[in-house]
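Asker: Encoded as structure tokens, here's the structure I'll be asking about.
The values are calculated or read from the model by the stated rules, or taken from the named source; none is laboratory data. Since the structure is predicted, the reported quantities are computational estimates derived from the model, not experimental observations. Virtual Cβ from ideal backbone geometry, glycine too; neighbours counted across all protein chains shown. Heavy atoms of the whole protein, side chains included, go into the accessibility calculation; ligands, DNA and RNA do not. Shrake-Rupley method; radii C 1.70, N 1.55, O 1.52, S 1.80 Å.
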Amino acid sequence: LLARKFVDEYTGVLFTLNEKPLSVPLKEKKFFDVNHCSIGYILAKKWKLDEVLCQAIYLHHIPSIKKLKNKKLKKMIAMVKLANLLAKGYNPDQMSFEDAQYEHDALQELKLNNIQLKTLRMKNMSTG
């Protein structure tokens, strides 16, 4: 939503990611005083989605899910992180540190192996 509403400004957010490696939500917060995690959470609540999914949307950029105690929330965040990677068509050979952590969380929490992950990427590329 931010990228569609503020095209020029959001391009600035993405451009500065290479200069200073901060996560996208921190850059969005700096530029717009809000980030897509918060907007996603508000929309999910408005659409009356399950509370765990709302929380997963809000928390999908946390550095690691390892310390979370709620198993359902951990799995949901791992799915959202993986969906986020697949949606942007990431290249596993050119990942940011943040993307590598997302992939690691997803593989561990969802008990996926590299072959299964590659299959998901290939299916996503063929339908995207």
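Asker: Starting from residues that are modelled with pLDDT under 90 and among the polar types (S, T, N, Q), keep the ones in the stretch 100-118 and report whichever is nearest to Ala44 (Cα to Cα).
Answerer: Top of the filtered list is Gln101.
Asker: Continuing with this model, one more query. Mind listing just one residue for me: the one in the stretch 86-99 that is part of a helix (DSSP H, G or I) and open to solvent by 40 Å² or more (accessible area, probe 1.4 Å) and, of those, modelled with the highest pLDDT?
Answerer: It comes out as Ala87.
Asker: For Ile39, are the conditions met, namely being farther than 23 Å from Arg121 by Cβ and at pLDDT 90 or above?
Answerer: So Ile39 passes the test.
Asker: When the stretch 44-63 is examined, which residues are found to be aliphatic (A, V, I, L, M), touching a residue at least 12 places away in the same chain (Cβ under 8 Å) and assigned to a loop (DSSP other than H, G, I, E, B)? First the steps, then the outcome.
Answerer: At the first step, the residues of the stretch 44-63 found to be aliphatic (A, V, I, L, M) are 44, 49, 52-53, 56-57, 59, 62.
The next check asks that each one be touching a residue at least 12 places away in the same chain (Cβ under 8 Å); those that pass are 44, 52-53, 56-57, 59, 62.
Residue satisfying the conditions is Ile62 alone.
Asker: Now for a different question. Just one of (1) free of Cβ contacts under 8 Å to residues at least 40 places away in the same chain; (2) over 11 Å from the mean Cα position of the chain (by Cα); (3) in a helix (DSSP H, G or I) trips up Asp105, so point out which.
Answerer: (1)
Asker: In addition: Across the stretch 86-104, what is the number of residues that are out of contact with any Pro (no Cβ under 9 Å at 6 or more places or on another chain) and not hydroxyl-bearing (Ser, Thr, Tyr)?
Answerer: 10
Asker: Name the single residue that is modelled with the highest pLDDT among those in the stretch 4-36 being open to solvent by less than 50 Å² (accessible area, probe 1.4 Å) and among the aliphatic types (A, V, I, L, M).
Answerer: Applying the first criterion (open to solvent by less than 50 Å² (accessible area, probe 1.4 Å)) to the stretch 4-36 yields 10, 12-13, 16-17, 23-25, 27-28, 32, 34-35.
Okay, now just the ones that are also among the aliphatic types (A, V, I, L, M), so 13, 17, 24, 34.
On the way: Val13: 52, Leu17: 49, Val24: 79, Val34: 87.
Looking at residues that are open to solvent by less than 50 Å² (accessible area, probe 1.4 Å) and among the aliphatic types (A, V, I, L, M), I get Val34.
Residue-wise test of (1) assigned to a helix (DSSP H, G or I); (2) surrounded by 13 or more Cβ atoms within 10 Å (Cβ to Cβ).
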| position | (1), (2) |
| --- | --- |
| Ser38 | yes, yes |
| Ile42 | yes, yes |
| Ile65 | no, yes |
| Asn84 | yes, yes |
| Lys123 | yes, no |
